[in-house]
């Protein structure tokens, strides 16, 4: 693996741990695709740093378990703003 990829993976991992960010938020922050962030954190990170992988994986699993709640809240907010605009 090339050095710049390893550096990017480590940087993404630390950002995710510090901010407890979702894959989407991390991708937006670094200007890369969600699939790249996901592949870096899930597939490549274990080969680079196993301890970081476990910490990041815990955050990603938490985000995954909460995403249906976030989606519901976003939908609720969307329809509330439509009703208030009327």
In nm, spacing of pseudo-spin labels at residue 10 and residue 58 (7 Å Cα→C-beta vector): 2.1
Rounded tilt (10° steps) of 3-19 against the dominant C-alpha axis of the chain: 40
Calculated over the chain: convex hull of Cα atoms, volume per residue (Å³): 97
For segment 1-48, convex hull of alpha carbons as volume per residue, Å³: 65
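Sorted by average packing, counted as other Cβ atoms within 10 angstrom per residue and highest first, what order do 34-46, 67-79 take?
The densest-packed peptide leads the list: 34-46, 67-79.
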Efficiency of FRET from Cβ geometry, residue 84 and residue 36, R₀ 41 Å, rounded to 0.05: 0.65
The chain: relative contact order in percent, alpha carbon pairs under 8 Å with at least 6 residues between: 27
FRET E, pair residue 19, residue 47, Förster distance 22 Å, beta-carbon r, rounded to 0.05: 0.40
Folded to 0 to 90 degrees: helix 50-85 orientation relative to the chain principal axis, Cα: 20
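Values in this text are rule-based calculations from the coordinates and carry no lab data. Model, not experiment: these values are computed from the prediction. Counting neighbours? That spans all protein chains shown, and the Cβs are built from the backbone with ideal geometry, glycine included.
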